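Right, one structure below, let's go through it.
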Amino acid sequence: MVKPRVLVISNDTPSVGLDLLRTKCDLTILPSSNPTREQVLKAIPGHDGIYLSVHANINSEMLDAAGPNLKVVSAMSAGYDHLDIPEIKRRGIKVGHTPEVLSSAVADIAVMLLLSASRRAYEGRLKLMEGKVENRPQWLLGVDVKGSTIGIVGFGNIGQAIAKRLKGFEIKNILYTGHTKKKAGDELGAEFVSLDELLEESDFVIAITPLTIETLKMFNDNTFGKMKKNAVFVNVGRGKVVDTDSLVRALKNKTIFAAGLDVVDPEPLPLDHELLKLPNCEIVPHQGSATIKTRNSMSRIAAQNLLNALEGKPMIYPL
């Protein structure tokens, strides 16, 4: 019996997923950790499945190159803005992703960024390295988390996990906004409000929204202008939900106090980008789900999604 052929788009894929795929598939693993589009297009024809462990853009061009054998696309990610879902489904191709399993890891990094930005950790490190540490009572003061109002824009699994963690910091209350009020919000004692009310009332604004036409650049001059002067903005969703130039202005002009970013636009930032020069901006390079346990779990689930689809079974997490 001929095994289905699966293209793995990265040679840096965790072995737990690859080992599972090898039990029933013949694998083509591209010899690069993050291959170019040209390399993927050249390798893709004739495969039955595509296993995405990096964010390659799967659109009409890629699907045309794959040809009629392609039955499933499985992404090792929670977000799916790199996948043309309508076009993939139009062709009868199944598609899956890996939400939920990374919620804890991303929530942890959101709290890390919130604390680092509010307490000026990066700025303190710069002063230390420059030999400019000062011993006086009002030097390098940050803002308190205790007694604060937390605003979460996007109250899905990750947003809820963030709320659970921050409740332990003796905060005043949690606000959230989105399309609908959620039962989980009531269970966590969080209040459903409009975006404007959240921006105006929150001491910390955390963005954890997927990238859609609606959320594209939703954080801009107007949005930042509605926040408190001492507000800390944290983004662990997608870089493009923020207008980067607007954020630079907000930080430089002290429209807001600080920002903590796991995602940016463009990504990665050019070395000479202004965001990297601002002392009140904490940035890490999209490390939200980057723990050993989380990435192994994502790899395994993406592999199982793919195998289930090839065998005509329901995916664990279909799109």
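The values are calculated or read from the model by the stated rules, or taken from the named source; none is laboratory data. Being a predicted model, the structure only gives us computed values, none of them experimental. Heads up, the Cβs are rebuilt from the backbone with ideal geometry, glycines too, and the neighbour counts pull from every protein chain shown. Surface areas here come from the heavy atoms of the whole protein model, side chains and all, with no ligands, DNA or RNA. Shrake-Rupley method; radii C 1.70, N 1.55, O 1.52, S 1.80 Å.
Brief remarks follow.
- Once the stretch 99-138 is narrowed to residues that are free of Cβ contacts under 8 Å to residues at least 12 places away in the same chain and in contact with a Lys or Arg (Cβ under 9 Å, 6 or more places away or on another chain), the residue that is surrounded by the most Cβ atoms within 10 Å (Cβ to Cβ) is Val133.
- All of (1) part of a strand (DSSP E or B); (2) in contact with a Lys or Arg (Cβ under 6 Å, 6 or more places away or on another chain) hold for Val234 with one exception: (2).
- Scoring Asp144 on the criteria (1) farther than 30 Å from Glu214 by Cα; (2) exposed (fewer than 15 other Cβ atoms within 10 Å of the Cβ); (3) out of contact with any Ser or Thr (no Cβ under 9 Å at 6 or more places or on another chain) leaves a single failure, condition (3).
- For first residues located in the stretch 193-213 and touching a residue at least 12 places away in the same chain (Cβ under 8 Å) and under 14 Å from Asn235 (Cβ atoms), partners that are among the charged types (D, E, K, R) and not in a loop (DSSP other than H, G, I, E, B) and lie 6+ apart or on another chain with Cβ distances below 8 Å form the pairs Leu211/Lys240.
- Total residues in the stretch 292-311, condition crowded, with 19+ Cβ neighbours inside 10 Å and part of a loop (DSSP other than H, G, I, E, B): 0
- Checking the stretch 240-261 against the condition returns no match, with no residue being within 25 Å of Pro210 (Cβ to Cβ) and touching a His at 6+ places or on another chain (Cβ under 8 Å).
- Failed condition for Ser289, given (1) over 20 Å from Thr209 (Cβ atoms); (2) of a type outside the set (Val, Ile, Thr); (3) in a loop (DSSP other than H, G, I, E, B); (4) touching a helix residue (DSSP H, G or I) at 6+ places or on another chain (Cβ under 6 Å): (1)
- So Lys172, is it open to solvent by 60 Å² or more (accessible area, probe 1.4 Å) and out of contact with any Ser or Thr (no Cβ under 9 Å at 6 or more places or on another chain): no
- For the stretch 242-286, filtered to residues that are acidic (Asp, Glu) and in a loop (DSSP other than H, G, I, E, B), the residue that is farthest from Phe204 (Cα to Cα) is Asp272.
- Consider the stretch 175-187 and keep the residues that are under 17 Å from Ile206 (Cβ atoms) and out of contact with any Gly (no Cβ under 8 Å at 6 or more places or on another chain). The one that is least open to solvent (accessible area, probe 1.4 Å) is Gly185.
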